[in-house]
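The values are calculated or read from the model by the stated rules, or taken from the named source; none is laboratory data. This structure is a prediction, so every number in the text was calculated from the model and none was measured. Positions of Cβ are backbone-derived with ideal geometry, glycine not excepted, and every protein chain shown enters the neighbour counts. Note: accessible area is taken over every heavy atom of the protein model, side chains too, but ligands, DNA and RNA are not part of it. Shrake-Rupley method; radii C 1.70, N 1.55, O 1.52, S 1.80 Å.
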Amino acid sequence: MDTLITIDNLHKSFYDGDSELKVLKGVNLDIYTSEILSIMGASGVGKSTLLHILGTLDRPTSGSILYEDEDITTFSERQLASFRNNAIGFVFQFHQLLPEFTALENVAMGRLIKISKRNKSRDTDLNNNSTYQDAQRLLEDVGLAERLDHYPSQLSGGERQRVAIARALINQPKVVLADEPTGNIDDKTSQAVLNVLQKINERLQQTFIIVTHDSRLAERADRTVELVDGKIAD
Amino acid sequence: MFCLLQYDNLDYMKFDWFVASRYLLSRRKQSFISIISIISIIGVSLGVATVILVIAVLDGVEHGLRDRFLANEAHIVLRDFGSAYFSDYDRKIEEIKKVNGVVAASPVVYSQSAIFRQDNNNIDAVILVKGIDPELEENVTGFSQFVKGSTGFKDTRIIEEASFINDVKITGGIVLGSRLAFRIGVNEGDVLRLVVRMVEDALNPDSLYPIIKHFVVIGLYESELTVYDNQIAFIHIETAQEIYEKPGQANVILVRLEDAERAPEIAQKMTEPPAFDKIQMPMTTTWLETHAPLFAALELEKIATVIIEALIILVAAFNIASTLIMTVMEKTRDIGTLRTLGSSRGNIMRIFMIQGSVIGMLGTFIGTALGLGLCWLLSTNIVRPTPWLALGLVVFLILIQIVIAIRHLLPYAKIRGIGFTILWVIAIAFGLYCLVEPISLQELGLSQIYQMNQLPIRVNWFFVGFINVLSFVICWLATIYPAWQAANLNPIEALQYE
Ligand SMILES: Nc1ncnc2c1ncn2[C@@H]1O[C@H](COP(=O)(O)OP(=O)(O)OP(=O)(O)O)[C@@H](O)[C@H]1O
Ligand SMILES: [Mg+2]
């Protein structure tokens, strides 16, 4: 299997005045292309922190993260924004949909950002028409073909989470990072969301990294690792 | 695929505008924010509208005054030191006319006299007597166009007739300032007595007795400039020379130029060699110098107006800033989400700057339209503001408000909001107009120097443009801090913001 991400000796500490809180203490982990990896661990152990660093929302204190041999810890702020836009999809515990936009527009948002960046370099192979077609197809994939023009407030919790998954996929990212995607919905709905996830993984061969407390979710993953005391347990 | 069609035009719509416009138009959870943004729009519009109106009035006054000064007065007045009399004015005038830019020149004998009506032994007024050569004067000030009656100062028929009726020796005809004539109660055809000088009594050296000359009023001078209409009288220069005992002399030469604006430069030329060697008139006063204090006061008033309006706009800009700061707080989670989706800090910054700028632009635009509308109202005289009209407007607005308050009659919140804003801006501005307009004529002291029955309006398009740019720039600057704050939110903290 190809390695997509290589995490090498990753450390992360939070500083509050003079006191240092060591959260990640040398994480080493390879993540393979197209796998569904679940990360488990006790509350407060640093799962979200690791995911944020993988998603370039935060920077590590030391260590490196290679995405296909590119070390993202060396990227500039601008490169990171563009990297997040192109290579990463996020799904959070709380759906984080934009309330002023319809489901379709929420899904399209990442592509619109991409187009606005591309416009500067006069690349016109992306256009809004195909954006909304792609967004619609993704919403169909997650079973929301009938909900395109609904606003988040008009959707159920599970539907919102499925919109969030569709949104994460709009730019065909290398990896989708999900932080407790089913943490806020009931069991039955979580199963539906997970079905969607799995279906997409099979069809689009996207890599998923899922932080979860839910052992049933972990069971459905290709591989599960556990974070213990700032390190990946063997 | 209806829903797809409506997105076609988004191809050219940048992401920033897409998000910003949705935020601007969306139904707000916190209606407080939209109230503040409406207040900011009203503030900006009122600032812009009033500055446009006030400056148009001040400009109008200035130009009205200029026009009247230029119509009534010489562009340059030449004197000898101490207004001394000189005799070779014909030669001097020939030399003056040779100066480049000079159109005409005329000699004048200026003096002062006390006047009595024929039936009165008390002094009615002390006036400025201007002895002129009617033909030469006509080319310099075109004075006859302001005279109601005759300008035949030496018309023997009129003089003999008046002489016969009143049984006195009439020295000549006199044209009186219209207000002066009204004040002392004389009319065309009446006889007026001028005290031209005092003579020592040969028998009693302690007492003086006056030399009195009789004049017949042949016309009234109405320039609409109170300074003149209230205190001036015209007689023939030869008569003046005779009664004031200055035969063949004058004490002032009036000059008209092709271009009045060049007066300072040409006046300068006249006091320098080689022109001066021939003209020999060392004291020059241009019309601009004569009225410098007035023009300076108007200029000051304009500057003060602009500063006050800039402050009004500034306050409105603060409103915009606070609206944005609250919007940023309300949208913190959205900002975090947008960052995870890959929008840069620049994107976030622009999204909020666009929102503030649109508010500023809307305010500026409404204000400009309103200011120009009021200018038009004032200049056409279609609507005369009265307290009743203002009251009627308030009643009308209250009715509208009641109608709007019944929500179902107007389905769209946005339209209601915008409609509200525009109505209130118009109402407040019109209220101000009703209050300001009737007093402003007196307040400005204009009726004293300038008899106007209507505010003069002159819209300076360059200035309107300038105010638009100024207002927009102020509003735009106000957006920078909140937008910068939004752009620098930590995405992780923003995502977790409650
Ligand atoms: N910005 C921060 N500043 C200081 N400490 C932080 C910060 N973010 C996280 N921490 C601390 O780092 C530790 C790990 O937090 P993290 O959110 O990664 O835990 P987690 O494994 O996701 O827990 P949970 O399962 O409850 O979500 C916690 O002790 C937390 O208090
Ligand atoms: Mg967590």
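Does the range A:12-69 hold any residues that are surrounded by 15 or more Cβ atoms within 10 Å (Cβ to Cβ), over 16 Å from A:Thr224 (Cβ atoms) and within 16 Å of ligand 2 (Cβ to nearest atom), and which are they? Correct list: A:Lys12, A:Val23, A:Leu24, A:Gly46, A:Ser48, A:Thr49, A:His52, A:Ile53, A:Leu54, A:Gly55, A:Leu57, A:Asp58. Take the conditions (1) of a type outside the set (A, V, I, L, M); (2) crowded, with 17+ Cβ neighbours inside 10 Å; (3) more than 14 Å from chain A (Cβ to nearest Cβ); B:Ser343 misses just one of them, which is (3). Cβ-Cβ distances below 6 Å connect no pair with a first residue in the range A:204-215 that is under 8 Å from A:Ala178 (Cα atoms) and more than 16 Å from ligand 2 (Cβ to nearest atom), a second residue that is among the aliphatic types (A, V, I, L, M) and part of a loop (DSSP other than H, G, I, E, B), and a separation of six or more residues or different chains. Going by the structure shown, is B:Leu338 modelled with pLDDT of 85 or more and out of contact with any Ser or Thr (no Cβ under 7 Å at 6 or more places or on another chain)? Against the criterion (modelled with pLDDT of 85 or more and out of contact with any Ser or Thr (no Cβ under 7 Å at 6 or more places or on another chain)), B:Leu338 qualifies.
Only strands (runs of 3 or more DSSP E) whose full extent lies in the range A:159-228 are considered here, and the ones with at least 1 residues that are more than 14 Å from ligand 1 (Cβ to nearest atom) and surrounded by fewer than 19 Cβ atoms within 10 Å (Cβ to Cβ) are A:223-228. Of the residues examined, B:Tyr244 is one that is of a type in the set (Ser, Thr, Tyr), at pLDDT 80 or above, assigned by TED's automatic domain parsing to the domain that holds B:Leu176 and more than 20 Å from B:Val147 (Cβ to Cβ). Identify the residue in the range B:318-331 that is open to solvent by less than 10 Å² (accessible area, probe 1.4 Å) and polar (S, T, N, Q) and, among all such residues, is nearest to the other protein chains (Cβ to nearest Cβ). Ranking the candidates gives B:Thr327 first. Taken together, the residues in the range B:37-78 that are among the hydrophobic types (A, V, I, L, M, F, W, C), within 30 Å of B:Tyr23 (Cα to Cα) and modelled with pLDDT of 80 or more amount to 6.
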